[in-house]
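Here, each number is a calculation from the coordinates, and none is a lab measurement. Fair warning: this is a prediction, and the values are worked out from it, not measured in the lab. Cβ coordinates were reconstructed from backbone atoms using ideal geometry, including for glycine residues, and neighbour counts include every protein chain displayed.
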Amino acid sequence: MQKHATVAVQEERIKMRWEILEQENKIIEQAKNQNKTYKPELLENGDTKRQLLARSRYLLFKPKSNWTTSQIIPI
């Protein structure tokens, strides 16, 4: 059962990442057509959405007790 949940979460993460990539590519193309430089939105931790989704794979399944200080988001 746990393996199925892990696979489902992984599939959703990948789907979201592809959606972000497609969005970002459209925005980059629009900026290029307008002779502008594209600057992606940075999240609180300094990552872009694309970077966050790429690096989140292992964090999603890592026990909270093993998180680093920068991985803990204060509530």
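Simple point charges give the picture: +1 on the Cβ of Lys and Arg, -1 on the Cβ of Asp and Glu, and for the chain a dipole about the Cα centre of about 180 debye.
Once you've got the GNM for the chain with C-alpha springs shorter than 10 Å, pick whichever of ASN35, ASN45, ASN25 has the biggest mean-square fluctuation. Result for the chain, Cα springs under 10 Å: ASN35 fluctuates most. Positive end of the dipole of the chain (Cβ unit charges, origin at the Cα centre): among VAL7, PRO63, LEU43, the Cα lying farthest that way belongs to PRO63. The C-alpha atoms of the chain define a longest principal axis, and helix 2-33 lies at about 10 degrees to it.
Only one item in (1) 137; (2) 158; (3) 100 matches volume of the Cα convex hull per residue in Å³ derived from the coordinates shown, and that item is (3). Here LYS15 is the anchor, and the lysines within straight C-alpha reach of less than 28 Å, apart from those fewer than 8 places off in the same chain, are LYS3, LYS26, LYS32, LYS39, LYS49, LYS62, LYS64. Against the chain, whose longest principal axis is taken from its Cα atoms, helix 49-59 shows a tilt of about 10°. Normalised by the number of residues in the chain, the mean separation of alpha-carbon contacts (under 8 Å, six or more apart) gives a relative contact order of 28 percent.
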